[in-house]
1. How much length, in nm to one decimal, is gained on full extension between residue 46 and residue 236, taken as 0.36 nm per residue of separation minus their Cα-Cα distance?
2. Taking the Cα atoms of region 241-379 alone, what are Rg (to one decimal) and Dmax (as a whole number) in Å?
3. Give me the one-decimal Kirkwood hydrodynamic radius in Å for region 332-387, with the sum taken over alpha-carbon pairs.
4. Over region 393-483, what is the mean sequence separation of C-alpha contacts under 8 Å (at least six apart), divided by residue count, expressed as relative contact order in percent?
5. How far, in nm, would the chain grow between residue 355 and residue 29 when pulled straight, counting 0.36 nm per residue and subtracting the alpha carbon separation?
6. Would you kindly state how much longer the chain becomes between residue 472 and residue 58 on full extension, computed as 0.36 nm times their sequence separation minus their alpha carbon distance, in nm to one decimal?
7. Where does the chain land on Rg/Rh, using Cα atoms and the Kirkwood Rh?
8. For labels at residue 301 and residue 253 in the simple 7 Å Cα→Cβ model, what's the distance in nm?
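Only the coordinates and a few stated rules stand behind these numbers; no lab work does. All of these numbers come straight from a predicted model, not from anything done at the bench. Every residue, glycine among them, receives a Cβ derived from its backbone with ideal geometry; neighbour counts consider all protein chains shown.
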């Protein structure tokens with residue numbers, strides 16, 4: 001039952017062929033069996049999960065308040081606040097932090113009757129592309145445990161791919177849902193900026209961060225988005241727009257849908273097997289009746305540089321709160337306040353977080369602000385305009401999700417720039433605040449390849465339509481990692 005999707009399990013639960021308690025126990029049995037190989041979790045909440053599962057079984061008995069997620073096991077990325085359960089951001093500085101409140105997405109999951117089984121590992125403060133920057137342990141890819149699962153939501157993607165959970169939440173600042181989804185052969189959606197509340201998400205770069213689902217198939221992603229999306233008065237960036245029923249977009253038909261293939265993301269730097277898989281996916285969509293054109297977005301060559309000025313600048317500002325005074329780690333025996341601040345941060349933050357804080361502080365400093373940060377904001381606008389121009393002639397855009405398949409653990413840790421370039425295809429989407437979905441579209445050897453479908457702002461339904469039609473006419477989503 002661990003290999004089934006949430007919608008398949010929902011049918012079994014409502015028909016009383018399976019209980020939520022049995023399903024939750026099966027998830028923990030699977031975790032016990034494979035977690036030492038995968039290391040997807042930071043914290044497990046078995047007692048609380050079984051309590052939630054028993055409550056879900058009571059709901060099924062009474063037939064009241066049942067949602068598509070009632071009784072379904074879900075893992076939560078460990079940068080989303082969970083009241084009374086550790087929320088560490090995989091950092092020493094928050095290793096003992098117990099939030100006094102739930103993030104809005106967690107409140108929604110609990111209200112829907114989902115069973116939260118634990119918190120997943122990530123790159124510290126979501127800064128990374130391989131989940132090797134965690135202060136606790138690296139996570140491994142279930143398809144090949146010598147390779148990375150991607151990042152920063154590597155724990156969530158690996159947990160879904162290894163069938164340790166049915167669903168998971170992730171956050172995406174520059175590709176942190178989609179790139180691990182690609183590496184782990186699962187579906188990952190980064191919604192439009194403002195579509196899902198960020199209240200209770202520990203901030204990395206506030207103008208880029210967005211929460212979204214990681215699932216086994218496109219239908220589950222639509223089901224999760226129906227729950228997660230919507231206005232939240234507690235988040236000033238949350239947009240007050242009606243949320244459609246995303247399942248209505250799962251029609252299996254792409255006749256006359258205008259699809260643009262991004263020229264700049266099919267050239268140098270993209271592995272040949274990845275290119276071939278994307279071309280085959282494009283041909284399949286053409287067979288199904290979509291109208292295919294090639295589009296050029298010339299500003300993409302500046303996207304990585306732009307991102308690595310804006311995101312670290314915002315991180316430098318957001319992470320200033322970790323000063324050893326209000327919460328989190330505090331070093332002992334310091335003679336004065338300044339020494340306490342610097343020693344706390346020196347001990348509490350890992351090397352990648354320190355690197356990005358320094359980059360961001362430098363870019364914001366007097367004399368450099370205009371040359372770096374302000375210029376990056378202007379280029380961000382140029383990238384946004386390139387997208388707007390492309391969408392005049394296209395309904396969605398396609399590209400690889402990542403330029404390569406999963407690389408070996410340790411292969412890029414000594415070269416930050418090589419690591420940063422793993423997000424070359426995903427970063428422009430965050431800079432423009434658009435929605436994008438990654439789904440499996442092939443393999444290179446035994447490692448999955450992801451297809452990225454990019455949409456216009458608040459048009460997630462177009463992504464679901466194209467992705468579902470492609471998924472239903474291929475077999476990639478049915479393959480499972482043979483741990």
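1. Contour length minus the Cα-Cα distance gives 65.0 nm.
2. When restricted to the Cα atoms of region 241-379, Rg and Dmax are 23.4, 71 Å.
3. Numbers: mean 1/r = 0.0726 Å⁻¹.
Result for region 332-387 stands at 13.8 Å.
4. The value is 32 percent.
5. Fully extending the segment from residue 355 to residue 29 adds 113.4 nm.
6. Working: separation 414, 0.36 × 414 = 149.04 nm, distance 3.45 nm.
In short, 145.6 nm is gained.
7. Here Rg/Rh amounts to 0.95.
8. Taking the two extended label points, one gets 4.3 nm.
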